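**Student:** I'd like to ask some things about the structure below.
Nothing in this text is a laboratory measurement; each read-out follows from the coordinates by a stated rule. The shown structure was predicted, so the numbers you read here are calculated from the model rather than taken from an experiment. For neighbour counting, all protein chains shown are included, and Cβ atoms are generated from backbone atoms with ideal geometry for every residue, glycine included.
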Amino acid sequence: MATGTSLLITSGRILDPSQGLELAGDLFIQAGQVAWTAPAGQRAPEGQYATLDARGLVVSPGFIDLHCHLREPGYEDKETIATGTLAAARGGFTTVCAMPNTEPPLDTAASVEYLLRKAQQEGHVRVLPVGCITRGRKGKQLVEMAELAAAGVVGFSDDGDPVADAYIMRMALTYGVPFGLPVINHCQDPALSRIGAMHEGWTASRLGLKGIPAEAEEVMAARDIELAALTGGWLHLAHISTAGALELVRRARERGLRVTAEVTPHHLVLTDEWVMGLRGEGGSFGFAQERPFDPLTLAAYDTNAKVNPPLRTRRDTSALLQGLKEGVIDAIATDHAPHTAVDKTCTFDEAAFGISGLETAFGLLMALVHRGDLSLATLIERLTVGPARLLGARGQLLGSLQAGAQGDVAVLDPDAEWVVDPQGFASKGKNTPLAGARLKGKVMATVVGGRVVYQDKLAKAPG
Amino acid sequence: MRTVRARETRIPPDQAQAGWRKRHVLDLDDFTREEIALVLSTAQAMKGILRRAVKKAPTLRGKTVITLFYEPSTRTRASFETAGKILSADVINLSAGGSSIEKGESLLDTALTLQAMAADALVIRHPHSGAPYFVARHMTSTSVINAGDGTHAHPTQALLDLFTVQEHLGTLEGRRVLIVGDIAHSRVARSDLWGLTRVGAQVVLCGPPTLMPWDLLKGREGTPGHPFASVEVELDLDRAVEGADVVIVLRLQKERQEAGLLPSLREYARLWQVNEARLARERPSALLMHPGPMNEGVEISPGVAHSAQSAIEQQVTNGVAVRMALLYLLCAPREAV
């Protein structure tokens with residue numbers, strides 16, 4: 001990552017929820033850090049600098065993704081740090097937290113250091129590592145948390161799998177207290193979700209597919225919340241997907257427990273009907289009246305809609321959105337999960353779980369803004385300040401355009417219309433149910449430490 | 001030496017195929033009443049060929065039908081093979097064992113290979129729901145017939161069931177049809193549900209509560225447009241049999257007990273076995289059907305299976321006729337035979 005780069009972003013609509021700032025003006029980044037913001041044209045920077053014309057565009061702090069699978073080391077055919085971080089840049093993300101279900105997993109300082117070094121050499125955006133909770137993610141023995149904390153992890157997770165053993169989870173929460181880092185659980189009761197391929201409900205039954213009931217997530221979330229209460233540890237619930245889980249988080253917060261939660265863009269907008277190939281009319285993403293009783297078409301059994309936790313119902317997406325707005329959910333995280341074409345070009349039962357989401361996150365979320373269900377400011381807050389607060393010391397200079405913050409910026413056009421073309425993704429993962437969908441809202445440029453790491457080809461070149 | 005020439009099938013092509021728009025047969029949910037009627041009337045004509053001394057018609061001469069079965073099957077595959085051969089098609093049977101599927105060749109690659117060999121119809125049975133949809137999505141010239149996918153659908157079985165009921169009772173409209181057994185895991189039951197409700201039959205479902213597809217039936221009373229709005233669920237078999245014109249008995253897989261869904265086959269048989277005592281008490285004249293193969297002594301008693309009201313063997317014959325009809329509708333050349 002280049003340090004010491006200076007950049008003047010001009011004539012943008014600066015929107016910084018961390019300060020409650022909304023200003024039509026210029027933003028100056030000096031030597032990689034935010035120097036000042038000012039009404040357009042009123043202040044001239046000193047020294048050498050590049051410029052970026054943001055006329056008609058929103059200038060926001062760069063997004064932070066708490067939950068992202070870069071697949072390296074071990075699964076480089078699905079993604080690498082280089083391709084994954086370039087995808088992040090195209091999505092407006094200037095910091096990503098890399099989940100540790102790599103091969104080898106990030107359960108030792110050596111593997112964390114490998115990741116950090118690779119990210120330093122090849123990453124296009126900032127990469128923060130998440131360490132495993134248990135050795136090898138096997139769920140049996142805790143990792144050396146102090147060692148991993150010293151190596152720089154921002155949290156612990158066996159994501160991909162839950163911590164099935166309640167005793168181990170209790171120990172992880174207890175032991176983790178001194179480090180001030182969250183224990184992040186992927187809540188999914190193994191026995192209740194055994195061979196499930198999608199949300200258990202009408203659609204699964206219609207398709208003859210085994211379901212993962214909402215209760216599989218909720219029983220473990222409830223368990224973990226009680227353990228958080230018991231231990232005083234910090235529990236973070238990864239990618240919550242049900243109205244019931246949201247309710248549990250809400251009550252945990254009311255009890256004053258240290259419980260935080262994230263939600264993915266797809267769990268806020270898409271439903272299990274997408275597996276049937278139903279998408280709603282003209283980009284309305286199922287907001288319009290669906291027709292679940294219509295005969296199945298050849299678009300049914302869309303493996304790109306196979307994800308864990310699964311896409312659920314409109315009742316769940318509405319509840320999660322409400323929770324997001326109220327702040328019960330702290331942050332939006334993509335759970336970017338790239339897979340090869342081979343892993344997805346097969347029957348639904350055989351297909352891998354996961355959506356490649358970094359490059360469509362903003363566009364998909366903007367559907368909520370355009371529908372009037374979410375303000376742009378709140379959306380940006382949950383992508384910037386929300387995640388930054390969960391990163392503790394590491395997050396203090398992120399997610400903000402205050403003077404002294406890292407010069408990480410996303411330049412956005414909330415109204416630009418574009419069609420999702422996965423073959424044009426920077427990510428190796430082309431697996432998105434949004435292929436061919438028309439989105440309204442696009443990332444036009446991304447800046448990390450003052451350096452432009454991504455610019456849409458239609459935007460003006462920095463001069 | 002006299003040559004015996006098979007009499008040609010006189011199904012007027014215009015009439016038969018004019019009503020037929022499908023490229024694939026994947027499930028009955030997309031069949032209109034007219035399309036179902038067309039299949040059944042075509043099957044009726046095909047049955048005429050089955051009764052001849054020389055069971056041969058040149059209708060599908062030069063057409064290639066390939067069966068691709070990833071699950072074991074006796075009757076369905078033999079039924080398709082017979083159907084194709086009677087119509088003079090070249091029929092090739094592939095199964096998972098003994099083919100490059102064992103070497104890991106993917107389902108899609110296999111299907112594309114067979115399409116490249118100019119297969120006109122691909123009959124697929126696969127343990128994963130949706131597999132035929134996945135294959136059909138990639139076919140440009142080959143028709144796909146679903147011979148059973150996971151727990152999702154078995155359209156040809158449902159069509160032969162409809163044909164059998166119609167043959168015995170004259171009409172399906174308003175008939176009370178009881179389906180007993182493991183409904184949730186039965187692709188036969190699911191396709192029967194679509195077919196029977198489409199033609200106006202009254203469907204009653206009976207079986208253990210752990211084996212009932214509650215999600216599929218959810219909202220059927222309250223939701224407008226629900227395809228199964230009229231379907232009844234009655235868990236008590238003695239009550240369910242009341243007034244039934246037809247009883248379709250489903251095979252109970254012994255694995256359900258191992259999966260924790262049932263305490264024992266013994267208890268299942270006590271509560272849900274279709275036997276003489278139950279049928280005699282309630283509806284001695286009900287038509288009895290079973291898709292086969294049967295677990296005699298579990299879901300059905302041997303006496304009932306071989307009784308006078310059993311149409312099980314006719315089902316098998318009708319299966320060939322229905323499959324002949326489908327192969328004809330999908331593959332026969334448009335000009336007069």
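**Student:** Report the FRET efficiency, 1/(1 + (r/R0)^6), for A:Ser375 and B:Lys22, where r is their Cβ-Cβ distance and R0 is 35 Å, rounded to 0.05.
**Tutor:** Working from the Cβ atoms, E equals 0.10.
**Student:** Peptides A:101-114, B:302-315: what's the order by average Cβ count within 10 Å, highest mean first?
**Tutor:** Listed from highest to lowest mean packing, they are A:101-114, B:302-315.
**Student:** Rank the residues B:Leu114, A:Leu70, B:Leu159 as a footprinting-exposure proxy: fewest other Cβ atoms within 10 Å of their Cβ go first.
**Tutor:** Ascending Cβ contact count within 10 Å gives the list B:Leu114, B:Leu159, A:Leu70.
**Student:** In addition: Based only on other Cβ atoms within 10 Å, what is the fewest-to-most ordering of B:Trp194, B:Trp214, A:Trp274?
**Tutor:** Final ranking by Cβ density, sparse to dense: B:Trp214, B:Trp194, A:Trp274.
**Student:** Something else now. When Rg is the radius of gyration of the Cα atoms in segment A:142-239 and Rh is its Kirkwood radius, what does Rg/Rh come to?
**Tutor:** 1.07
**Student:** Given the convex hull of the Cα atoms of the protein assembly as shown, what is a quarter of its surface area in nm²?
**Tutor:** Dividing the Cα hull surface by four gives the mean projection, 37.8 nm².
**Student:** Could you give me the radius of gyration and the Dmax of chain A, taking only the C-alpha atoms into account and expressing both in angstrom?
**Tutor:** Final numbers for Rg and Dmax: 21.0, 66 Å.
**Student:** Helix B:312-331 against the longest principal axis of chain B: what's the angle in degrees, Cα atoms only, rounded to the nearest 10?
**Tutor:** So the helix axis and the longest Cα principal axis differ by about 40 degrees.
**Student:** For A:Glu144 and A:Ile195, compute 0.36 nm times the residue count separating them, minus their Cα-Cα distance, and round to one decimal in nm.
**Tutor:** 15.1 nm
**Student:** Leaving out same-chain residues fewer than 8 places away, which aspartates and glutamates sit with a Cα under 18 Å from that of B:Lys56?
**Tutor:** Leaving aside aspartates and glutamates fewer than 8 places away in the same chain, those within reach of B:Lys56 are B:Glu8, B:Glu81, B:Asp90.
**Student:** In addition: Cα convex hull of segment A:85-192: how many Å³ per residue?
**Tutor:** Given the Cα convex hull of segment A:85-192, per-residue volume reads 104 Å³.
**Student:** If you average the sequence gap of Cα pairs under 8 Å that are 6 or more apart and divide by the length of chain A, what percent do you get for the contact order?
**Tutor:** Once divided by the residue count of chain A, the mean separation gives 21 percent.
**Student:** Pairs of alpha-carbon atoms within less than 8 angstrom and 6+ residues apart define the contacts here; what relative contact order does segment A:20-120 have, in percent?
**Tutor:** Value for segment A:20-120: 21 percent.
**Student:** What list do you get for B:Leu287, B:Leu26 if you sort them by fewest beta carbons within 10 Å?
**Tutor:** Fewest-to-most ranking of B:Leu287, B:Leu26: B:Leu287, B:Leu26.
**Student:** Still on this structure, I have one more. At 0.36 nm per residue, minus the direct Cα-Cα distance, what do A:Asp421 and A:Arg43 gain on full extension? Give it in nm, one decimal, please.
**Tutor:** Roughly 132.0 nm would be gained on extension.
**Student:** So, by mean Cβ neighbours within 10 angstrom, what's the order for A:410-421, A:225-236, B:262-273 with the highest one leading?
**Tutor:** For the peptides A:410-421, A:225-236, B:262-273, the packing ranking is A:225-236, A:410-421, B:262-273.
**Student:** Over the alpha-carbon set of chain B, work out the extent along each principal axis and list the three values in angstrom, largest first.
**Tutor:** 58, 46, 46 Å, listed from the longest principal axis down.
**Student:** Run the dipole for segment A:327-423 about the Cα centre, Lys and Arg Cβ at +1, Asp and Glu Cβ at -1, nothing else charged, and hand back the magnitude in debye, nearest 20.
**Tutor:** In total the dipole reaches around 420 debye.
**Student:** What is the antiparallel percent of DSSP beta bridges lying wholly in the protein assembly as shown, to the nearest 5?
**Tutor:** 35 percent
**Student:** Another one. Give me a single rounded figure for B:213-219: the average over its residues of other chain Cβ atoms within 10 Å of their Cβ.
**Tutor:** Average neighbour count from other chains, rounded to a whole number: 4.
**Student:** A further question on this structure: Counting partner chain Cβ atoms within 10 Å of every residue's Cβ in B:122-134, what's the average?
**Tutor:** Average neighbour count from other chains, rounded to a whole number: 5.
**Student:** What is the mean number of Cβ atoms from other protein chains located within 10 Å of the Cβ atom of each residue in peptide B:186-194, rounded to a whole number?
**Tutor:** 1
**Student:** Apply the Karplus curve 6.51 cos²θ - 1.76 cosθ + 1.60, θ = phi - 60°, to the phi angles in segment A:167-179 and return the couplings in whole Hz, x for Gly and Pro.
**Tutor:** 3J(HN,Hα) across segment A:167-179, in whole Hz: 5, 4, 5, 4, 5, 5, 5, 5, 5, x, 3, x, 8.
**Student:** Report, in deg cm²/dmol and to the nearest 500, the calculated mean residue ellipticity at 222 nm for chain B, where each DSSP H run with n ≥ 4 adds -39500 (n - 2.57) and the sum is divided by the residue count.
**Tutor:** -11000 deg cm²/dmol
**Student:** State, to one decimal in nm, how far the label point of A:Ala299 lies from the label point of B:Ala229, with both points 7 Å from Cα in the Cβ direction.
**Tutor:** 2.6 nm
**Student:** List the pairs from A:Lys306/A:Lys442; A:Lys138/B:Lys218; B:Lys22/B:Lys85; A:Lys138/A:Lys210 whose alpha-carbon separation is above 27 Å, in the order I gave them.
**Tutor:** A:Lys138/B:Lys218
**Student:** Here's another thing I want to ask about it. Diagonalise the Cα gyration tensor of segment A:414-456 and give the resulting equivalent ellipsoid semi-axes, square root of 5 times each eigenvalue, largest first, whole Å.
**Tutor:** Computed over segment A:414-456, the values are 22, 15, 7 Å.
**Student:** One quarter of the convex hull surface, Cα atoms only: what value does that give for segment A:330-384 in nm²?
**Tutor:** The Cα convex hull of segment A:330-384, projected and averaged over all directions, gives 4.9 nm².
**Student:** Follow-up. When the helices in chain A are scored as -39500 (n - 2.57) per DSSP H run of 4 or longer and the sum is shared across all residues, what 222 nm value do you end up with, to the nearest 500 deg cm²/dmol?
**Tutor:** The helix-only estimate for chain A comes to -8000 deg cm²/dmol at 222 nm.
**Student:** Place a point 7 Å from the Cα of B:Asp238 along the Cα-to-Cβ direction; which residues of segment B:258-281 have their backbone N under 15 Å from it?
**Tutor:** B:270-281
**Student:** List the relative contact order of segment A:320-364 as a percent without decimals, with contacts defined as Cα pairs under 8 Å and 6+ residues apart.
**Tutor:** 33 percent
**Student:** OK, next. Over the Cα atoms of segment A:242-390, compute the convex hull volume and normalise it per residue, giving Å³.
**Tutor:** Roughly 123 Å³ of hull volume per residue.
**Student:** In addition: With the cut-off at 19 Å, report for segment B:49-129 the share of all Cα pairs above it, as a whole percent.
**Tutor:** Value for segment B:49-129: 41 percent of Cα pairs lie more than 19 Å apart.
**Student:** How much length would be gained if the chain were fully extended between B:Ala96 and B:Ala116, taking 0.36 nm per residue of separation minus their Cα-Cα distance, in nm to one decimal?
**Tutor:** Contour length minus Cα-Cα distance gives 5.3 nm.
**Student:** Using alpha carbons only, how many angstrom separate the centre of segment B:104-163 from the centre of segment A:249-279?
**Tutor:** 36 Å
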